[in-house]
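Okay, structure first, notes after.
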Amino acid sequence: MWPIEDYSSAVTERIPTADSPAAALRKRPTPAVQAPNQFQLFVKESTGRNLPLYGSELFDNATAYNPDGSLPAPLNYILGTGDEVRIHVNGLIDYAGTHTIDRNGTINLPKVGNIALAGVALRDLEDFLRANLSKVYANFTVSAILGRQRSIQVYVVGQAKDPGTHQLSSFSTLISALFASGGPSATGSMRNISLLRSGKKISSLDLYDFIARGDKSRDVALQPGDVIVIPPAGPRVAVSGAFDQAAIYELQDPRGSGSNSGSATRLGDILGLGGGVPVLAKVQSALIERIVPGSLPPRQAQRISLDAAGLAQPLRDGDVITLLPISNEIGNAVTLQGAVAEPLRYPWFAGMRVLDLIPERDALITPDYYRSKNLLVQTLAPEPKAGEKISRRIQGLGEQINWEYAVIERLDNKSLTSQLIPFNLGLAILQKDAANNLELKAGDVVTVLSQSDLRLPTERQRRLVRVEGEVAAPGIYEALAGETLPQLVRRIGGLMPQAYVYGLEFSRESVRARQQDSLDQLIRRLDAQYQSAAATLGANLGADRAASAQQLQQQQQAQQKSQLDRLKALKSNGRIALELDTTARTLADLPSLPLEDGDHVTIPAVPSFVAAVGSVNNENVFIHKSGKTVGDIFRSAGLSEDAEPDQAFVLRADGSIVARRDRSGLFGGGFESLAVMPGDTVVVPAQLDRESKYNFITRAVKDWTQILANFGLGAAAIKTLRN
């Protein structure tokens, strides 16, 4: 037997049936999006913003505030027709049954008869049943709980989003009914909602009290047949600008029953609904645009302060309040930016100077310096060669300070223009020079530049040069101002006896970048030419050749792709052909070329071979002998059937290119009589136009000798082109 005390407050059925109020609510169509009201349109024209109605977003989800049917029924719940009551009687008799209150408000118990339960409060149910049962039985106990509750029908009229009849749970209250109806429409009031029962006003609700403060003191339980009236909205104002809750607010009706009833709504009351005066709003000044009936024009503007007097100002219908944002100016700060350790705003004080802002050299060490040092011990990426690792570390450890120039940016309050005040950073910080230790003013911006920000004179630039090969002390050296290649090699100990000066490789980073850009442009241009040639070929094919057109285009596309893939595999190395005399042996034969940062010098030993590549029968290297010519290489290597000797060229050890067309004599003997030097490579290309249908490729593809010469590509590129 169930204990009586477990049911002192009843619980409802947890799973709604198909005809339950919750199910009926789910079936109701979602109200259409309503057009803005006239005041919203007026505010849009005035401020340029679409401001929402305050609190309207709460009604976007009509089921969000449904009564929770799983909670116990309140003890003051009044029973009515349709409610289900579960009764247990123990004692001299045992009885358990479930009864639904009929339309007459009664239930029928065996041997007891009809008992009128309609109108009985849930807290009095057991006492009421005990009193009726005691007329027939004695020595018993009775317990009763509420089973499935009834639904009630209420009416929502006036300016609601979904007016009409609503079937609701009998647990519903005035507020839950408003949410079920979608809430007030764009023209409806949120502050003067009435509940009528049998023609009498039972309650008057101000939704702002519930939305802003959670006050439900005027929220009452509904009864069948209740009428909820939403009248047209009262006076409205708009709040815009530096306010998180920018919206349109309805003023309190002095005749209503809200928390501010009986007095006009003040500016502070409206701002309080949105959290009060925001800290980001300018307290000294706010704007009110007000409609003054009878004046011409009727709209006037006034400026107020958001102090106690301003917040107490009564608002009028149609007011548009704009909160102005505070200034971004920081009154007692100077800003340090650029190549510094901590680019921040720092407190300013009277008499502050550059040395106060940058008191020591450590303030100019950027975080990148230590970050780069920490990366040296990380092994996530493949380790570079030792020489490359040193040069990368030196190059990457922070930006190099421009000691000769820093600048103060200052706003001239009279002309409202920015002034630039340069000073010598090195003299100010390193030498404590008073003339450059300038006085700072509040609001100044001090910028410290690096050497990469402004191009410095050549003699002030840092130049790290990598020298390796046949020199006395290979390594990475910082070149002096104006120092040339011969001077640097001489300074580090000179050449070794096996040095091959003619084959010296000189690469420059700035040249490599320009060459790579030009190579990329060439690839894009050739790609466009290929596509244009394919389109022209397709347009010129007649109907009689349509059968072979597709196969022809596929062959052409394969040729084009292969050619472009080879070009894309090439990477410029920035090598500069020094065009040395073939007899060059000493440093005096080298040009007096001033060095730049990133230069790479490799002096090889004298090679003892000459290579032949391309369309030759014996692609190999041959021992170099004094007096050996290109013709000798042709005979030693042997030209293949598809060789194109007219396009042959020699890639010199110094990086230069000598082509047949540059040295041709009568019947071509001039080129074949050209003497080859140690380290030279003789290249014999293959024929590109073995069939006439491919002759457009020959016209489109640039001469390989021109490509190799213009982009500093050497023997490594020859290997790429052969594959």
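Structure above, values below:
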read-out: Nitroxide proxy distance, nm - points 7 Å out along Cα→Cβ at A528 and L587; value: 4.9 nm
read-out: Exposure proxy ranking, count of Cβ atoms within 10 Å, fewest first, for S305, S507; value: S305, S507
read-out: Inter-label distance, nm, simple model (7 Å from Cα along the C-beta direction), A131/K561; value: 9.7 nm
read-out: For peptides 453-464, 594-605, 473-484, sequence by mean Cβ density within 10 Å, most packed first; value: 594-605, 473-484, 453-464
read-out: Per-pair calculated FRET efficiency, R0 = 41 Å: F349 and I211 via Cβ, rounded to 0.05; value: 0.25
read-out: Calculated SAXS-style log₁₀ I(q)/I(0) at q = 0.10, 0.13, 0.15, 0.16 Å⁻¹ - segment 590-691, Debye, Cα scatterers; value: -0.33, -0.52, -0.65, -0.72
read-out: Trypsin sites (Lys or Arg not before Pro) within segment 579-667, DSSP loop, no more than 16 other Cβ atoms inside 10 Å; value: R585, K625
read-out: For segment 388-525, radius of gyration divided by Kirkwood radius, i.e. Rg to Rh on alpha-carbons; value: 1.14
read-out: Dimensionless Rg over Rh [segment 74-148; C-alpha; Kirkwood]; value: 0.93
read-out: Gain in span if fully extended, Y405 to E579, counting 0.36 nm per residue against the direct Cα distance; value: 58.6 nm
read-out: Entries of K44/K282; K282/K414; K561/K628; K282/K441 with Cα pairs more than 28 Å apart; value: K561/K628
read-out: Label point distance in nm, T484-N139, each placed 7 Å from Cα along Cα→Cβ; value: 13.4 nm
read-out: Potential lengthening between I623 and R661 on full extension [0.36 nm per residue; Cα-Cα distance subtracted]; value: 11.1 nm
read-out: Contact order normalised by residue count of segment 152-325, Cα under 8 Å, 6+ apart, percent; value: 21 percent
read-out: Segments 93-104, 125-136 sorted - mean Cβ within 10 Å per residue, highest first; value: 125-136, 93-104
read-out: Descending semi-axes in Å of segment 152-325, equivalent ellipsoid built from Cα gyration tensor; value: 35, 16, 13
read-out: Binned Cα-Cα distances of segment 95-191, short to long, each 10 Å bin given as a whole percent; value: 13, 35, 20, 17, 11, 4, 0
read-out: Exceeding the 30 Å Cα-Cα cut-off - candidates K161/K216; K571/K625; K161/K201; value: K571/K625
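Any read-out appearing in this document is the output of simple, stated calculations on the displayed coordinates, not a laboratory observation. Everything quoted here is computed from the prediction, not taken from an experiment. Ideal geometry is used to build each Cβ from the backbone, glycine not excepted, and the neighbour counts take in all protein chains shown.
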